[in-house]
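In what follows, a structure is listed as structure tokens, so that the remarks can point back to it.
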Amino acid sequence: MDFLTSLLTDFGQQILSSVTAAFAIAVIGLNLHFGYTGLVNIGQAGFMLIGGYGLAITVELGGGFFLGVAVGLVAAVLFALILGLPTLKLRGDYLAIVTIAAAEIIRIVGDNQSLSQWTGGAAGIPGRVYQGAFTALSPFPDQQLQIGPYNYPLTSGDSWFLRIVCWVVLAIVVLLVWLLMRSPWGRTVKGIREDEDAMRSLGKNVYLVKLQSLVLGGVIGAAGGMLYVLSSSVQADSLGRTTTFLLYTCLLLGGAATVFGPVLGSVLYFIVIIGLNDVVSQFVPKQIMNEQQIPQFGWIVVGIGLMLLVIFRPQGILGNKKELSFGD
Amino acid sequence: MPAHPRRGRLATVWAIGAATAVALAACSSPSGSGSSPSASSSSSSSTSAAPAPAPSTKIAAAAACPSGSDPKTTFKLGTFLPLTGSLAFLAPAAIGGSGLALQDINAAGGVNGQKACSISVDSSDADNPTIGSTNVKKLLQARVSAILGAESSSVTESVLPTVSASNTVMFSPANTDDALSGASKWYFRDAAPNKAEGDALGKQIVADGNSKVAILVFNDAYGTNLRDSTQAAIEANGGTVVYGAKGKNQEFSSKETNFSSEVQAALAAKPDAVVIIAFDQTTQIVPALVSAGFKMPKAYFVDGNLNDYTGKLPANTLNGAQGTAQGVNPNTELRKKIQAWYSNAGGGTITSFGYGAESYDATTLLALAAVKGGDSSSATIQANLLAVSGANGGTVCKSYKECVGLLKQKKAIHYEGLAGIGPLNDKHDPSTGYVSVYRYKGNNPTEFVNAVKGGA
Amino acid sequence: MPSPRRSRRLLAALPGAVLLGALASALLGAAPALAASPSPTPVPTSGTQSVVEATASCAVNDTTACVRGALHDDNGNPVKGVTIQLTPPSGTAVPTRTDANGSYVYTVKKAGAYRLALVPASLPKGIKAAAPSRTVQVSLGQLTPGAFALTGTFSGSKSTAGPTVTPLTMLWDQISNGLLLGLLLALASIGLSLIYGTTGLSNFAHGEQVTLGGILAWTFGTVLQWNFLVACIVTVLVCGLSGYVQDRLIWGPLRRRGLGLTQLMVVTIGLSLALSYVFQYFAGAGVHALTPTIQLTGGPLDLTANAYLAMLISIVVLVAVGLALQRTRIGRATRAVSDNRALAAASGIDVDRIIRLVWTVSMALAGLAGILYGLVYGGVNWATGQAILLLMFAATTLGGLGTAFGALVGSIVIGLVVQVSSLFLSGDLRYATALLILILVLLFRPQGILGRRERVG
């Protein structure tokens, strides 16, 4: 019973977490690309990184929090345009390779020591450099608050304030996507995913709509990246290929091309990871799997889970199989 | 191996420890054992018979914490070590060091009369940030008395805001980034900051008659930091750094797998000596250096890669090469102990012993702070850590048992750790550490050359 | 070795005598020198105890400091027989001479600012010291290096410097390295290209197949101690088998179910994630050296024997694959499948069988590349293949996605670009150049160097 309560407490903790919300936001951006428009963007973590750098460097140079947010978002728009303008006319997998390569370039450049006076090199920009600008906006006093079993600071660090902001932003983004997808633009986007040529023959500017989708999803990704770094630090390596892969896992788990799929997927993903670790470390003897092998085993399960998910339930949990024919 | 004054005493401490060591059962009470039947790896029989000391030949894995135990009364150590990812090869030594310390603590009667226990989570590396941030919250939610970790300075940077906002002590056995000095009132470390080691290493290099030095350094907070301090020491003593100097952008990526161009560029500068500041990449750098005709006795290693390369490199490749490591020659005895503990806990052979002694010391210091303050809450530990490390002076003691004895007599203590770190200073860094210089015999850095006082 | 010991005793006696003399003179008339001494420590009276002693070796401890250094001329040869003097804050200079290694050692028992000097007259002809005297700070428990910058060479000093390094030789070295990397990449990525050609799939797990080769070779050759050649052959066979099994169990059935290419690509991402942690789970996270042998570099390309061998094997295998694709029936069938699957099927080619063969051969080649990569670059770890995956994509895209010969040309170009750009760019940025080229190629010539136009869009 003890074990079960602690497991459930862990779950609740993870559901509340700002990281979950930040990831869910980035996944929603990816969902716009991949789920709704059919654009295979394997560089979503690059958008997150750009958002993080935009915010942190602006604040570091004295620009203030809101200017930082603006810079991060504008940088993401530019990045999306640079990627999208030339590639969106080509076949789908070219975009895939270009986005992964571009995200990798951002990561490598961010890692490099030559820009370390701004980016901090591989060590990154520590949270204390820019998080102050955010916590200063908090209306709460600087103390701990316990709600149920959860005890967090109100203002600083990974706080209730950050959690509230993250979930409010998430709600806004979900609402935005929901409205967008009910609009004519949303129908066009989905039409492009289903049959590009048909949309073209209907007189739609497919290229422009794809580009709009890429920019919008990228900007949402950057917003997720900013919220993500607000509880940690900006390190290029932390937003690399693996993160993009995780975003895909979350998206496909919850259901691509659904409004709530990304949120559900992100929450479930973290719950599965935590639950797996908890259960394995509780019930598997150390001779069979030592301390270090448990999380590694978790990753193997995630990888295989991603494969099985795509093969056997490509629509995810919330998706509609009929609607979903992403690819080709 | 030339004897060192400290080793004899160390061996005695160990001998006493070994003689008195009794097996630990899981620290859960017998009634709780039903819910956690596999918490102990030793045997199921010893778990069910918790109060009875098991045969002394058996040692158990780190005692897992039963859920719901009160952090004020039970010393709950949360270990936050890189179980996966690019630093995972460093984890076994730290797991072993802290596990061994907990075993010694419990053998000496636990903390404030209660068995100490631990909760282990994965910190992973900077590439997988969600793991660390998720897992550290698990520890905070479990209200651990203190967190031992992280190994990577980058990971510490990213979770520290959360940890310190939750008023929890975070004690790193391995962070060496100078930027973390005084980062938070909740943050402590006992790995000597790179400054001490770099200073000792730089002086050693120049004293050996090398004036032009190439530094092969990987792009990571640990690497560039240690490089900066080594370079400063070399230049202050009349040498020059001809490759890999600060601001030259000659660092290699920590994920690099092909070192041919780095090695060629470094040797093109005609260095007298080469310093390799890297972790596991060293296995690949050395062959590249030797292939290019470099004589390995002129190579210098650092604590991150001063490992036994037997079986990984041809016999005697490294003969004569030197390297520095924090602490005073914690070599063989402690390594054997840690290895024995780790094997018993289901682990394999430990390849890198870096930060094993520091983990042992960190765990012991945290427990001592809890004893001194009378309870195991994080706030109490935070308030007493500096004192037990000897920051205000006090009687020197060398083991948990000895120190607790002194504390019971209300004496001020100075726990002198196995890593030889000296008291923690007001920035929560080790004030004077020792840095040892070793020379490779064959492929094993066994010849103790010198131990110099760091903190210069 | 009796002589050093004797000289050590001699050296030890020397400063003692000097000190005795100093003491005598102090007692006789130079009393102020004693009074001026700030330290209350009594001046040692016996010859065996002194503040500074020239010794053969010195070990630092809490009460001892060492002052050490070594003299070398411009050729890096030790300069012996030079007189060095270390003068305590109060007291007279203690002289010593550099030994056959050009080094000298002082053991010091008291902290303070010491004067370290080199007697220029004792230097061999042709050598000059820029700054023969300076103050060094000595603290107990620490080592104080005493370096002197010397210029010139003494007569008989042999040049020990290697061949001169010019920008041209450095360029040549990087071109050599680039060819090597290119050939290894070609071996690894030809399968990537063939799979793309025949099935349209971008396999993100291809890097793990390269790693698999290296890890298996390490398991068989190093851990199990098999004969290395046998280990390699078994490794390649197992890797090939893994391709066969994969196609049989995963890719074949998925093709028949008509799963979209994008979905398949995400499946490969999952596979890549799972495999890389399988490696960590079983082999650990460290670097595994395949064979503990190191050869010296040499030959026209200034590479190791392993590297030449790896290049040779790559070329032979690549030519064999190329010829097989051009000349054999199966090869022609493979090309037919990549040109037009439906047409190939209609003309009686068993498309599934061809694709299964392509998977088998591709994975075997990737495994072989992993072995060679580990041999040439000193080891493999769980992320080795991952690290070069994007380079492989760059190579195949540059050469023209889906063409075997194109993969070779693309790989060599990428190898050269990566290595040569390391002359101008720091560490990891050279990979960024390769990726930048990848992007530019996709933008301006998406069919690649050797690809055909109709593949696009």
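The values are calculated or read from the model by the stated rules, or taken from the named source; none is laboratory data. Predicted model only: the values in this text are computed from it and were never measured. In this analysis, Cβ positions are derived from the backbone assuming ideal geometry, glycine residues included, and neighbour counts consider all displayed protein chains. Side chains are part of the model used for accessible areas, which takes the heavy atoms of the whole protein and leaves out ligands, DNA and RNA. Shrake-Rupley method; radii C 1.70, N 1.55, O 1.52, S 1.80 Å.
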- Message: Among the residues that make up region A:112-120, is at least one of them assigned to a helix (DSSP H, G or I) and farther than 23 Å from B:G247 by Cβ?
- Response: no
- Message: As an exercise: evaluate A:F47 against (1) within 12 Å of another protein chain (Cβ to nearest Cβ); (2) crowded, with 21+ Cβ neighbours inside 10 Å; (3) touching a residue at least 40 places away in the same chain (Cβ under 8 Å); (4) more than 30 Å from A:G148 (Cβ to Cβ) and give the number of the one condition it does not meet.
- Response: (1)
- For region C:122-164, how many residues meet the condition of being free of Cβ contacts under 8 Å to residues at least 24 places away in the same chain and either outside any loop (DSSP other than H, G, I, E, B) or open to solvent by 60 Å² or more (accessible area, probe 1.4 Å) (or both)? 9
- Message: Please go through (1) buried (at least 24 other Cβ atoms within 10 Å of the Cβ); (2) within 13 Å of chain A (Cβ to nearest Cβ) for B:T130 and return the number of the only condition it doesn't satisfy.
- Response: (1)
- Scanning region B:285-311 residue by residue, those crowded, with 23+ Cβ neighbours inside 10 Å, in contact with a Pro (Cβ under 8 Å, 6 or more places away or on another chain) and within 10 Å of chain C (Cβ to nearest Cβ) turn out to be B:N307
- Task: Quick one: B:A191 ticks every box in (1) open to solvent by less than 10 Å² (accessible area, probe 1.4 Å); (2) at pLDDT below 90; (3) within 21 Å of A:T155 (Cβ to Cβ) except a single one, so which number is it?
- Result: (3)
- Query: Given C:V417, C:V358, C:V413, which one is within 14 Å of chain B (Cβ to nearest Cβ) and either outside any helix (DSSP H, G or I) or buried (at least 21 other Cβ atoms within 10 Å of the Cβ) (or both)?
  - Reply: C:V417
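Of all residues in region B:351-369, which are within 14 Å of chain A (Cβ to nearest Cβ) and either open to solvent by 10 Å² or more (accessible area, probe 1.4 Å) or part of a helix (DSSP H, G or I) (or both)?
Scanning region B:351-369 gives B:T351, B:S359.
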- Query: Among the candidates A:L239, A:L253, which residue alone is more than 12 Å from chain B (Cβ to nearest Cβ) and either out of contact with any strand residue (DSSP E or B) (no Cβ under 9 Å at 6 or more places or on another chain) or open to solvent by 10 Å² or more (accessible area, probe 1.4 Å) (or both)?
  - Reply: A:L253
- Residue list for region A:106-131, restricted to those being more than 7 Å from chain B (Cβ to nearest Cβ) and open to solvent by 20 Å² or more (accessible area, probe 1.4 Å): A:I106, A:R107, A:V109, A:L115, A:S116, A:Q117, A:W118, A:G120, A:V129
- Residue by residue through region C:76-105, note down the ones that are open to solvent by 50 Å² or more (accessible area, probe 1.4 Å), in contact with a helix residue (DSSP H, G or I) (Cβ under 6 Å, 6 or more places away or on another chain) and either without any contact (Cβ under 8 Å) to a residue 60 or more places away in the chain or under 26 Å from B:V213 (Cβ atoms) (or both). none
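Going by what's in this entry, would A:T258 be described as in contact with a helix residue (DSSP H, G or I) (Cβ under 9 Å, 6 or more places away or on another chain), among the polar types (S, T, N, Q) and either assigned to a helix (DSSP H, G or I) or within 14 Å of chain C (Cβ to nearest Cβ) (or both)?
Taking the combined requirement at face value, the residue does not satisfy it.
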- Among the candidates B:T134, B:T79, residue that is at pLDDT 90 or above and not assigned by TED's automatic domain parsing to the domain that holds B:S229: B:T79
- Query: Being surrounded by fewer than 24 Cβ atoms within 10 Å (Cβ to Cβ), over 20 Å from A:Q235 (Cβ atoms) and more than 7 Å from chain C (Cβ to nearest Cβ), is that true of even one residue in region B:199-208?
  - Reply: no
- Task: Working only within region C:221-232, note down all residues that are open to solvent by 30 Å² or more (accessible area, probe 1.4 Å) and closer than 10 Å to C:I371 by Cβ.
- Result: C:F228
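Can you go through C:W218, C:W226 and tell me which one is modelled with pLDDT of 90 or more, out of contact with any Pro (no Cβ under 7 Å at 6 or more places or on another chain), more than 25 Å from A:I97 (Cβ to Cβ) and in a helix (DSSP H, G or I)?
Answer to the selection: C:W218.
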- Message: Of the residues C:V278, C:V287, only one is among the β-branched types (V, I, T) and open to solvent by less than 10 Å² (accessible area, probe 1.4 Å); which?
- Response: C:V287
- Could you please let me know if B:D375 is open to solvent by 50 Å² or more (accessible area, probe 1.4 Å) and either modelled with pLDDT under 85 or assigned to a loop (DSSP other than H, G, I, E, B) (or both)? no
- Task: Tell me the strands (runs of 3 or more DSSP E) entirely within region B:380-446 that contain at least 1 residues that are closer than 30 Å to B:T351 by Cα and among the small types (G, A, S).
- Result: B:434-441
- Residues of region B:236-263 being touching a Ser or Thr at 6+ places or on another chain (Cβ under 9 Å), within 7 Å of chain C (Cβ to nearest Cβ) and part of a loop (DSSP other than H, G, I, E, B), in sequence order, are B:N237, B:G238, B:G239, B:N249, B:Q250, B:E251, B:K255, B:T257
- Query: Mind checking which residues of region A:50-67 are surrounded by 24 or more Cβ atoms within 10 Å (Cβ to Cβ) and of a type outside the set (A, V, I, L, M, F, W, C)?
  - Reply: A:G51, A:G52, A:Y53, A:G54
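Residues B:G348, B:G394: which one is open to solvent by 10 Å² or more (accessible area, probe 1.4 Å) and on the phi > 0 side of the Ramachandran plot?
Of the residues listed, the single one that is open to solvent by 10 Å² or more (accessible area, probe 1.4 Å) and on the phi > 0 side of the Ramachandran plot is B:G394.
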- Message: Between a residue in region C:274-297 that is more than 8 Å from every other protein chain (Cβ to nearest Cβ) and any residue that is open to solvent by 40 Å² or more (accessible area, probe 1.4 Å) and among the β-branched types (V, I, T), which pairs come within a Cβ distance under 8 Å, given they are 6 or more apart or on different chains?
- Response: C:A283/C:T219
- Is one or more of the residues making up region A:200-209 more than 23 Å from A:W160 (Cα to Cα), surrounded by fewer than 24 Cβ atoms within 10 Å (Cβ to Cβ) and touching an Asp or Glu at 6+ places or on another chain (Cβ under 6 Å)? yes
- Item | The listed residue being modelled with pLDDT of 90 or more and either within 14 Å of the chain's Cα centre (by Cα) or open to solvent by less than 10 Å² (accessible area, probe 1.4 Å) (or both), out of A:V234, A:V215 | A:V234
- Residues that are open to solvent by less than 60 Å² (accessible area, probe 1.4 Å) and either modelled with pLDDT under 85 or at positive phi (or both), drawn from region A:132-144: A:Q144
- Query: So A:K89 clears everything in (1) part of a helix (DSSP H, G or I); (2) over 27 Å from C:I388 (Cα atoms); (3) among the charged types (D, E, K, R) except one condition, right? Which one?
  - Reply: (1)
